[in-house]
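S.K.: The following block contains the structure, expressed as structure tokens.
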Amino acid sequence: METIKPIQFKGVDNKRPIIIAGPCSAETEEQVMSTATDLAKAGIKIFRAGIWKPRTKPGGFEGIGEEGLVWLERVQKETGMLVATEVATRQHVEAALKHGVDVLWIGARTSANPFAMQEIADTLKGVDVPVLVKNPVNPDLELWIGAMQRLHNAGITRIGAIHRGFSAYGKHLYRNMPQWHIPIELRRRLPNMTIFCDPSHIGGKRELVAPLSQQAMDLGFDGLIIESHCDPDCAWSDKSQQVNPEVLNFILNTLVVRDTTQTTESLTLLRQQIDQIDGEIIEALAKRMRVSREIGQYKKEHSMPVLQTGRYDDVLNTRARNAEEMGMSGDFMKTVYQAIHEESVRQQIEVLNNRL
Ligand code: PEP
Ligand code: MN
């Protein structure tokens with residue numbers, strides 16, 4: 001794996017960012033051709049479209065299937081773009097190769113499944129095609145690298161990665177949590193691998209495509225894979241995150257791409273990590289306050305006092321001890337917990353007075 005080199009896509013300039021764009025799903029021949037024509041005019045060189053769609057629940061649009069591959073051949077012929085699609089089984093790989101698909105990608109649900117990855121790797125033995133592996137849905141870097149290793153062991157040399165975020169339970173700003181430190185660690189482990197960011201699936205919303213793309217550029221990603229549809233509001237899948245080719249063109253034109261050799265090791269990168277961690281701390285504190293308010297409700301219903309000093313001492317002492325075990329000062333942690341406790345008590349009193 002250490003020998004993996006940057007992917008050179010046929011006829012595509014390797015200047016950052018390498019762009020892959022196209023609809024979440026191929027729906028109709030007209031939708032594919034109309035989107036592809038506009039994207040080609042905007043200078044896009046690699047067209048994406050899902051032919052088989054992994055859906056969370058049955059009953060949604062599960063992809064047009066093999067007939068869509070004929071439309072992708074038309075895209076190649078009429079626009080000169082390379083075409084890319086997602087494969088998840090032996091049959092998908094065989095069909096995609098038969099129809100001359102230029103780039104394959106592995107979806108997040110598939111890269112999380114070693115049996116499926118092995119089946120795909122076995123089918124690809126002796127084939128020279130670039131394969132992009134999305135991160136698994138769960139935040140597990142080893143599983144992600146393992147999926148790529150299976151392809152590498154099967155003789156695939158043009159392997160790249162796509163960071164599409166990680167799923168989390170509950171409602172969040174992002175559809176999939178970026179957890180930027182994971183692709184950053186992938187970059188450290190495999191410094192020459194071509195790494196794409198998929199802002200569409202991370203954000204889940206049109207408005208987040210531009211800021212996430214900029215963040216990916218600041219973090220030194222090589223490329224972006226962005227969902228673009230000729231009529232996003234009418235898309236059969238992922239409509240809220242798709243942008244039309246004109247908007248895509250605008251987003252790409254406003255991106256600021258700085259020299260990576262300066263930024264990858266720089267302060268920007270470290271600060272991005274701090275921002276990410278602070279976001280996680282604030283989310284955890286909000287969760288803690290929610291539980292606190294529930295405790296407040298319980299105490300109210302059982303006519304118990306808000307403040308119970310024995311419990312408070314316990315919290316302070318155990319947290320200080322834990323902090324010391326992790327190389328921080330116990331006094332520092334006590335100060336932090338005094339502040340947290342103060343806010344907790346304030347919120348419980350609000351509950352008591354029916355204000356929350
Ligand atoms: C997709 O790219 O349309 C897709 C299904 O993505 P993911 O595997 O990241 O969910
Ligand atoms: Mn999609």
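The values are calculated or read from the model by the stated rules, or taken from the named source; none is laboratory data. Keep in mind that this is a model prediction, so the values were computed, not measured. Heads up, the Cβs are rebuilt from the backbone with ideal geometry, glycines too, and the neighbour counts pull from every protein chain shown. Heavy atoms of the whole protein, side chains included, go into the accessibility calculation; ligands, DNA and RNA do not. Shrake-Rupley method; radii C 1.70, N 1.55, O 1.52, S 1.80 Å.
S.K.: So what's the net charge close to ASP314: Lys and Arg +1, Asp and Glu -1, counting the other residues with Cβ under 15 Å from its Cβ?
M.R.: +3
S.K.: Something else now. What accessible area per residue comes out for the stretch 1-41, rounded to a whole number of Å², with a 1.4 Å probe?
M.R.: Using a 1.4 Å probe on heavy atoms only, each residue of the stretch 1-41 averages 47 Å².
S.K.: Sticking with this structure for a sec: Given the options GLN118, GLY310, TYR169, identify the residue whose Cα lies farthest towards the positive end of the charge dipole of the chain (+1 on Cβ of Lys, Arg; -1 on Cβ of Asp, Glu).
M.R.: Result: GLY310.
S.K.: Nearest 10 degrees, 0 to 90: what angle lies between the long axis of helix 309-325 and the longest principal axis of the chain (Cα atoms)?
M.R.: Orientation of helix 309-325: about 50 degrees from the principal axis.
S.K.: Provide the net charge surrounding ASN153, with neighbours chosen by a C-beta distance below 12 Å and charges set as Lys +1, Arg +1, Asp -1, Glu -1.
M.R.: In short, +1.
S.K.: Further question: Heavy-atom accessible area of THR3 with all protein chains present, probe 1.4 Å, nearest 10 Å²?
M.R.: Taking all protein chains as shown, THR3 has close to 100 Å².
S.K.: Dipole of the stretch 114-179, Cα-centred, from +1 at each Lys and Arg C-beta and -1 at each Asp and Glu C-beta, to the nearest 20 debye?
M.R.: Dipole size: approximately 300 debye.
S.K.: Sorting check: for 183-190, 21-28, which peptide has the highest mean count of neighbouring beta carbons within 10 Å, and how do the rest follow?
M.R.: 21-28, 183-190
S.K.: Please report the relative contact order for the chain, taking Cα pairs under 8 Å with a sequence separation of at least 6, and give it as a percent rounded to a whole number.
M.R.: The normalised contact order for the chain reaches 14 percent.
S.K.: Now for a separate question. Sum up the charges of everything whose Cβ sits under 14 Å from the Cβ of LYS10, counting Lys and Arg as +1 and Asp and Glu as -1, but leave LYS10 out.
M.R.: -1
S.K.: Taking every DSSP beta bridge with both residues inside the chain, roughly what % is antiparallel (nearest 5)?
M.R.: Restricted to the chain, the bridges split so that about 5 percent are antiparallel.
S.K.: At 1.4 Å probe size, put ILE225, ILE349 in order of accessible surface, largest to smallest.
M.R.: ILE349, ILE225
S.K.: Averaged per residue, what accessible area in Å² does the stretch 300-356 show with a 1.4 Å probe, protein chains only?
M.R.: With the other protein chains kept in place, the stretch 300-356 gives 71 Å² per residue.
S.K.: Where the accessible area of the stretch 235-335 is counted over protein heavy atoms with a 1.4 Å probe, how much of it, in %, is carbon and sulfur?
M.R.: 55
S.K.: Size of the dipole of the chain about the Cα centre, Lys and Arg at +1 and Asp and Glu at -1 on the beta carbon, nothing else charged, in debye to 20?
M.R.: The dipole of the chain has a size of about 420 debye.
S.K.: Here's another thing I want to ask about it. Would you mind checking the tilt of helix 114-123 against the longest principal axis of the Cα atoms of the chain, expressed as 0 to 90 degrees and rounded to 10?
M.R.: Compared with the principal axis, the helix lies near 10 degrees.
S.K.: Roughly how many percent of the accessible protein surface of the stretch 65-114 is carbon and sulfur, given a 1.4 Å probe and a whole-percent answer?
M.R.: 48
S.K.: Tilt of helix 141-153 relative to the longest C-alpha principal axis of the chain, in degrees (0 to 90, nearest 10)?
M.R.: It works out to around 20 degrees.
S.K.: In addition: With θ set to phi - 60° and the Karplus curve 6.51 cos²θ - 1.76 cosθ + 1.60, what are the ³J(HN,Hα) couplings of the stretch 234-249 in order, to the nearest whole Hz, using x for Gly and Pro?
M.R.: With coefficients 6.51, -1.76 and 1.60, one gets 9, 4, 7, 8, 6, 5, 6, 10, 8, 10, 7, x, 5, 5, 4, 4 Hz.
S.K.: So, one more: Under a cut-off of 29 Å between alpha-carbon atoms, report the lysines in cross-link reach of LYS299, not counting same-chain residues fewer than 8 places apart.
M.R.: Once the sequence-local lysines are set aside, what remains near LYS299 is LYS171, LYS287, LYS334.
S.K.: Moving on. How big is the dipole moment of the stretch 36-184 about its Cα centre under a simple scheme where the beta carbon of each Lys and Arg is +1, that of each Asp and Glu is -1, and everything else is neutral? Debye, nearest 20, please.
M.R.: For the stretch 36-184, the charge dipole is close to 400 debye.
S.K.: Rolling a 1.4 angstrom probe over the protein chains, ignoring ligands and nucleic acids, what is the accessible area of MET333 in square angstrom, nearest 10?
M.R.: Using a 1.4 Å probe on the heavy atoms, I get roughly 30 Å².
S.K.: Also: So, by mean Cβ neighbours within 10 angstrom, what's the order for 93-106, 335-348 with the highest one leading?
M.R.: Most protected by this proxy first, the peptides run 93-106, 335-348.
S.K.: Can you work out the accessible area per residue across the stretch 89-229, with the rest of the protein chains kept in place, probe 1.4 Å, in square angstrom?
M.R.: Ligands and nucleic acids excluded, the result is 36 Å² per residue.
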